[in-house]
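**Q** The structure follows.
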Amino acid sequence: MQRRTLALVAANALLGAAVVVGVATPATAAPAAAPVAAVTTLTYDDTQAQQYATNDAAAAAIWNTDAPNVHIVKATRGQKVNIKIVADPGWPHTTLGPVRPSTSVQIWFGKQAVDEGFDKTRIIAHEMGHALGLPDNRTGLCSDLMSGHSAPVSCTNAHPSPAERAVVQRNYSRLAASDAPLTVVIQD
Ligand SMILES: [Zn+2]
């Protein structure tokens, strides 16, 4: 009896050791690094819209924060200009993008909308939205940037909605970074 008990104890001890060895977690491979989104840098020039320079810079900063796949910076002398902003006496309008580093679009920053009381930073952020490939979306909602002047004149929201951001992020995702020439379509 005693020998048998000892044998059992020894067997159990061995089994216990075997089990401990058995549950050791296999060395798992380090998780694959998340793919780094390719940031597309676009330049803008507003030397012909100086009176709106502060609004242009504010709108560029908003897009850089809200859609990090694209980075809009002021062009330096001699640099290719992707987004040319000019002051215009009429209604704001823009060549529809998405603009690429090798292409360029123009924004006519229309004074008529300013005179009607629309927020200047919202106007230029909206027009930059066109340059980044967003069409008008007349929902009348202030929360939509591309609703433009269908939203109340009191609306000062200059940030794209989550849905608008997602479209621009897609337009400048690694997959979409083609340099196909733009078809010229004007959006107001
Ligand atoms: Zn528009």
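**Q** Report, ordered by the first and then the second residue, all pairs with beta carbons closer than 7 Å, sequence separation of six or more or different chains, a first member in the range 83-99 that is more than 19 Å from H71 (Cα to Cα), and a second member that is part of a loop (DSSP other than H, G, I, E, B) and open to solvent by less than 10 Å² (accessible area, probe 1.4 Å).
**A** What qualifies is V86/A49; A87/A49.
**Q** Can you work out which of the residues in the range 59-82 that are assigned to a loop (DSSP other than H, G, I, E, B) and free of Cβ contacts under 8 Å to residues at least 60 places away in the same chain is nearest to A131 (Cα to Cα)? Please lay out each step first, then the result.
**A** The first filter runs over the range 59-82 and keeps only residues assigned to a loop (DSSP other than H, G, I, E, B), leaving 67-69, 75-82.
With the extra rule that they be free of Cβ contacts under 8 Å to residues at least 60 places away in the same chain, the set shrinks to 75-82.
Values: A75: 16, T76: 19, R77: 21, G78: 21, Q79: 18, K80: 16, V81: 13, N82: 9 Å.
Among those that are assigned to a loop (DSSP other than H, G, I, E, B) and free of Cβ contacts under 8 Å to residues at least 60 places away in the same chain, it is N82.
**Q** Additional query: Run down T76, T94 and say which single residue is among the β-branched types (V, I, T) and either within 11 Å of the ligand (Cβ to nearest atom) or crowded, with 21+ Cβ neighbours inside 10 Å (or both).
**A** Selected residue: T94, the only one of T76, T94 that is among the β-branched types (V, I, T) and either within 11 Å of the ligand (Cβ to nearest atom) or crowded, with 21+ Cβ neighbours inside 10 Å (or both).
**Q** Restricting to the range 130-147, what's the tally of residues that are part of a helix (DSSP H, G or I) and either open to solvent by 40 Å² or more (accessible area, probe 1.4 Å) or touching a residue at least 40 places away in the same chain (Cβ under 8 Å) (or both)? Let's see the steps before the verdict.
**A** If we filter the range 130-147 for residues that are part of a helix (DSSP H, G or I), which is where we start, we get 130-131, 145-147.
Still in the running and either open to solvent by 40 Å² or more (accessible area, probe 1.4 Å) or touching a residue at least 40 places away in the same chain (Cβ under 8 Å) (or both): 130-131.
Total satisfying the criteria: 2.
**Q** Pick out the one residue from D119, D115, D188 that is of a type outside the set (A, V, I, L, M, F, W, C) and at pLDDT below 95. So that I can check it myself, show each step before the final result.
**A** On the way: D119 fails: at pLDDT below 95; D115 fails: at pLDDT below 95.
The unique qualifying residue is D188.
**Q** If I go through the range 110-143 residue by residue, how many of them are under 23 Å from the mean Cα position of the chain (by Cα), farther than 14 Å from H93 by Cα and away from the ligand (no atom under 11 Å from the Cβ)?
**A** 7
**Q** Right, another one. Could we say that I107 is more than 10 Å from the ligand (Cβ to nearest atom), among the aliphatic types (A, V, I, L, M), buried (at least 16 other Cβ atoms within 10 Å of the Cβ) and not in a loop (DSSP other than H, G, I, E, B) here?
**A** Numbers: more than 10 Å from the ligand (Cβ to nearest atom): yes; among the aliphatic types (A, V, I, L, M): yes; buried (at least 16 other Cβ atoms within 10 Å of the Cβ): yes; not in a loop (DSSP other than H, G, I, E, B): yes.
The answer is yes for I107.
The values are calculated or read from the model by the stated rules, or taken from the named source; none is laboratory data. Predicted model, so just to flag it, every value in this text is computed and none were measured. Quick reminder, even Gly has a Cβ in these numbers, built from the backbone with ideal geometry, and neighbours come from all protein chains shown. Calculation scope for accessible area: heavy atoms of the full protein, side chains included, ligands and nucleic acids excluded. Shrake-Rupley method; radii C 1.70, N 1.55, O 1.52, S 1.80 Å.
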